[in-house]
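The values are calculated or read from the model by the stated rules, or taken from the named source; none is laboratory data. Please read these numbers as outputs of a predicted model, since none were measured by experiment. With ideal geometry, Cβ positions are generated from the backbone for all residues, glycine too; neighbour counts draw on all protein chains shown.
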Amino acid sequence: MLIISLKDIPKDKQHSHAHNLLRECLKPLNIAYSAETAVSKNKYGKPSLTNHLEVKYNLSHADGICACILSDCECGIDCENVREYRQQVMKRAFSDSEKNMILSAPENQRNLLFFRLWTLKESYIKAIGKGLSYPMNQANFSVANGVITSNIKDCHFKQYILQNGKFVVSICEQIVNISHGS
């Protein structure tokens, strides 16, 4: 299940709003979710419901957008509002082919392309439960004509471009349960 909320919520309320989305996703499963619900975290901080380990979820929020994915397999989600990207982030986190793809794109498409690739990377590292400890430049993506290609195997990626390129949401779901040393 996927819920995306496009609301302009103050930064200090975004986290709480994302958890409200999770609460809504869990209702059809008759799982009550509140501040008292037991949540466990792996050593990198990826959360899971202690009493419902079969339910996998992930949350994301940014200015103007919050998102929640619920799945029966490991999953990750990232959402971003498209803005001017930072060169230093691209240099550190992107492969050479991704950098070339962005720099060779028409200037008016570079910010969107950057965030399309960035959110795919974030969704992947969140799905495998390693967060920013994973060397992001090793996950290589390409997006063309609505098709996402990657050097990442055993994962399925989806992406949504919302409000004429104002927001990007990327989802990663593992096809098989892979151990990544977590």
Pairs, please: C-beta under 8 Å, at least 6 apart or cross-chain, first residue in contact (Cβ under 8 Å) with a residue 24 or more places away in the chain and in the stretch 99-116, second loosely packed, with under 11 Cβ neighbours inside 10 Å? Asn111/Glu84
Determine whether the stretch 130-141 contains at least one residue that is at pLDDT 95 or above and of a type in the set (Lys, Arg). no
Please tell me if Cys73 is crowded, with 20+ Cβ neighbours inside 10 Å and either within 15 Å of the chain's Cα centre (by Cα) or among the small types (Gly, Ala, Ser) (or both). no
Cβ pairs under 9 Å, 6+ apart or interchain, first in the stretch 4-29 and at pLDDT 95 or above, second part of a strand (DSSP E or B) and exposed (fewer than 12 other Cβ atoms within 10 Å of the Cβ), ordered by first then second residue, are none
Those residues of the stretch 44-64 which are touching a Gly at 6+ places or on another chain (Cβ under 9 Å) and among the basic types (Lys, Arg) amount to Lys46
Residue that is farthest from Leu29 (Cα to Cα), among those in the stretch 50-70 that are of a type in the set (Gly, Ala, Ser) and not in a loop (DSSP other than H, G, I, E, B): Ala62
Within the stretch 77-90, can one find any residue that is more than 25 Å from Gln174 (Cα to Cα) and of a type in the set (Ser, Thr, Tyr)? yes
